[in-house]
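Derivation of every value follows stated rules applied to the coordinates shown; laboratory data play no part. These numbers come from a predicted model, not from an experiment. Every residue, glycine as well, gets a Cβ built from its backbone with ideal geometry; the counts of neighbours run over all protein chains shown.
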Amino acid sequence: MDIVSMGHNGNGTGHSEPTRKWGYALIATVLLVIVFAFVGWQKRSAVLLTSIEVVSACESEWRLFTSTVCPDLNSTPEEITRLVALEPGTPLYDADPAAIVDRVERHPWIASADMERTLGGRLILTITERTPVLLVMRNGQPRQYIDAEGYPMPFVTGVAYDVPLLHGLSENFVADRPVNNGPVLELAGVLGDLDSSIHALLSEIEVQSSGALVLHTTVLDSRGSIEVRVGAGSIRQQLDKLHAFWHQALLPEPGRNVRQIDLRFDSQIVTR
């Protein structure tokens, strides 16, 4: 006696019919995706550049939540537009976003940029600028700002930042490279993340010919500014010591005459 398996429904077809239907549905879905992608590509390829708009990241992040006034950008829209290097009427979606952002970020004041394109032809750049922590002085004139990573930014007339003045740094600045001075780089990094009460103690910094840094404090009553000697490699800890000494030994004793503070020794503060 021969026994033939007929499947669950007894007609020998099993699940072939539902499987075939699912296959047709999958093919139809893939075709629809291809069609929509082609239509979208055609629509995007027809979009021409109509405008380049520059937005401060500060305004973009805070305008919906606070009334804080964001500072004006030091990089002008005209400068950024030149860096974008696209003429009106250029096919917008043919442009390389990474290349555009790279060109824009070569501006010495710009730390980062994000780019957005719209089907209306607008190219929108959201700009985050570098924050100065030092102002380089030469021959009594302001020359460059330096940010916490040591990158130089050109001085902008009419814009004021409450940062210490740096004297004695004589190297030629390159816009896309940090300054080539180890102690200044360390100091800049510390200033970028320094408590405001410690930051307020610093008025001017001098880079000596040996490369050592000499700080000058803000004016302390009739005693004027005090010279502070620091060593490389642990500037943050030395500034913490200066802050403690200032509030524990100098402010409570107005009659104490101190002209110089030496912080280069690990276990003690030497004064003269």
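What are the ³J(HN,Hα) couplings of segment 69-82, residue after residue, when phi is run through the Karplus curve with 6.51, -1.76, 1.60 and θ = phi - 60°? Round to Hz, x for glycine and proline.
Each residue of segment 69-82 in turn: 8, 7, x, 5, 6, 7, 8, 7, x, 5, 5, 5, 4, 5 Hz.
If I stretch the segment between residue 210 and residue 195 completely, what's the gain in nm (0.36 nm per residue apart, minus their alpha carbon distance), one decimal?
Full extension from residue 210 to residue 195 adds 2.6 nm.
How high is the FRET efficiency between residue 94 and residue 171 when r is their beta carbon distance and R₀ equals 30 Å, given to the nearest 0.05?
Calculated transfer efficiency: 0.15.
Convert each backbone phi in segment 121-134 into a coupling constant with the Karplus relation 6.51 cos²θ - 1.76 cosθ + 1.60 (shift: θ = phi - 60°), then list the ³J(HN,Hα) values in order as whole Hz, x for Gly and Pro.
Once rounded to whole Hz, the list reads x, 8, 10, 10, 10, 9, 10, 10, 8, 6, 10, x, 10, 9.
Length gain on complete extension for the stretch residue 138 to residue 111, per 0.36 nm per residue less the alpha carbon to alpha carbon distance?
Once the chain is fully extended between residue 138 and residue 111, it gains 7.2 nm.
If you project the alpha carbons of segment 172-218 onto their three principal axes, what span does each projection cover, largest first, in Å?
Reported extents, whole Å, longest axis first: 31, 24, 13.
Which order do the peptides 207-216, 122-131 come out in when sorted by mean C-beta neighbours inside 10 angstrom, highest first?
In decreasing order of mean packing, 207-216, 122-131 become 122-131, 207-216.
Just the projected area, averaged over all directions, of the convex hull on the alpha carbon atoms of segment 114-272: how many nm²?
Over every viewing direction, the Cα hull of segment 114-272 projects on average to 12.2 nm².
Obtain the nm distance between the two label points defined at residue 26 and residue 53 by a simple spin-label model: each point lies 7 Å from its Cα along the Cα-to-C-beta direction.
Distance between the two pseudo-spin positions: 4.4 nm.
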